[in-house]
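Written out below as structure tokens is the structure these notes cover.
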Amino acid sequence: KPSPSMFGKKHALCMLLAGCTLCTVLAATFIRDGAKEDNKESKTNKNNDLPAPGDYSFPLSALDPVRDLGLPELTRAPDVSPDWLYFDPAFKSEEDDRNALPTNAWYQNLLLARGEPSNLHRAYPVPYLVDVVGLIPGLRTHVNHVEANAEVMQLSFNENFGLVVGATKKLGATYPDDDDSENFESHKYKVVQTTDLGITLEWSIMKMSSNIVRGMPFTTMEYEKFYPKNGDGKLILPTIASPLPLLDPILVDGSETKLDCSGGSVSERVLVQKDIELYFHTSDFSWMVFFSHPAWITCLVDGERG
């Protein structure tokens, strides 16, 4: 027969075990309910494609570097960051979603222009080097030379030897950095389209565009048939310009027809059916210019500008 003291101990032991069982059941219930809430929150965030703060189960590409990963926030000055307005027509699909931006493309520098471009906005489509800061608004093409040794390979060119295919209101145009507001013509352009192999630019001075394609053997400029007028009423015309003097007459259509530009004023008009040939003594370069339609041309040699 158990003593009263033992009976008390037995009941105390049973109550202790029951208490432990109850705590276990309650703890399991709380954990299960908490898991349900977590799953519910995860599903909600998954449906919204937004990870919950501190949820590292999402891939890094879906996490905000500053908010989710706690990385330092870095800012970029507006004058050295891309003008995203240029990307609107180029990177919106029919569903109005952006495709991946070509942040490592060979023409990347042409994407970074904000306002007036500089000589940093250039590309090397091979074999020519091209930029957008010549005598007149348009595409400037450079013949270049590759210099290499056992350790270094570099590309060299002379900016004065480049030829610009573009447009201007007059032949005596100014450089973009000149402080001549009366004669200054904007060299601004916008990106119209990009692909893996090329980029299309369109200039603001008039409706003209150029396709810059990897490996292109020649440069192309396409013009609207309608030529606009600027603020002072002068026609903005398709133009080819170089800072070098053109000492020899222009050879027209490969024949004996020549256009003499050495008179110091605008020359007479000559009808071109297919092509012209330009030769510059200073650079010893000959350039061929081909026309898609017959066109009347004139020329002028400016002693200061070319």
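The values are calculated or read from the model by the stated rules, or taken from the named source; none is laboratory data. Small disclaimer: the values here were computed from a predicted structure and weren't measured. Ideal geometry is used to build each Cβ from the backbone, glycine not excepted, and the neighbour counts take in all protein chains shown. The accessibility values were calculated without ligands, DNA or RNA, using every heavy atom of the protein model including side chains. Shrake-Rupley method; radii C 1.70, N 1.55, O 1.52, S 1.80 Å.
Quick notes on this one:
- Annotation: amide H-H contacts under 5 Å for THR220 (H modelled 1.01 Å from N, sequence separation of 5 or more, or interchain): ASN211.
- PHE291 contributes about 60 Å² of solvent-accessible surface, heavy atoms of the protein only, 1.4 Å probe.
- Only protein heavy atoms count here; under a 1.4 Å probe, ILE240 has an accessible surface of about 60 Å².
- Shape of region 241-296, Cα gyration tensor, a/c cut at 1.5: oblate
- Per-residue accessible area (protein heavy atoms, 1.4 Å probe) orders THR141, THR298 as THR298, THR141, starting from the largest.
- Of the residues LYS207, LYS169, the one with the largest accessible area comes first in the ranking LYS207, LYS169, computed with a 1.4 Å probe on protein heavy atoms.
- Two numbers describe the Cα atoms of region 232-271: Rg and Dmax, which are 12.2, 38 Å.
- Candidate residues ARG140, ARG214: accessible-area rank, largest first, probe 1.4 Å: ARG214, ARG140
- From phi via Karplus (6.51, -1.76, 1.60), per-residue ³J(HN,Hα) for region 190-201 in Hz, x at Gly/Pro: 9, 7, 9, 7, 9, 9, 5, 9, x, 9, 10, 10
- Taking θ as phi - 60° and the Karplus parameters 6.51, -1.76 and 1.60, the scalar couplings of region 120-129 work out to 7, 8, 9, 8, 10, x, 6, x, 8, 9 Hz in sequence order, x denoting glycine and proline.
- Count Lys and Arg as plus one, Asp and Glu as minus one, and take only other residues whose Cβ is under 12 Å from that of ASP260; the net charge is then -1.
- Residues in region 109-117 carry Karplus couplings, in order, of 4, 6, 7, 9, 6, 10, x, 6, x Hz; the curve used is 6.51 cos²θ - 1.76 cosθ + 1.60 with θ = phi - 60°, and Gly or Pro positions show x.
- Protection proxy ranking for 62-72, 123-133, using the average of other Cβ atoms within 10 Å per residue and placing the highest first: 123-133, 62-72.
- Heavy atoms of SER204 accessible to a 1.4 Å probe, total area in Å² rounded to 10: 80
- Taking a Cβ cut-off of under 12 Å around ALA105, the surrounding Lys, Arg, Asp and Glu residues balance to a net charge of 0, with basic ones at +1 and acidic ones at -1.
- For GLY138, distant residues with modelled amide H under 5 Å away: none
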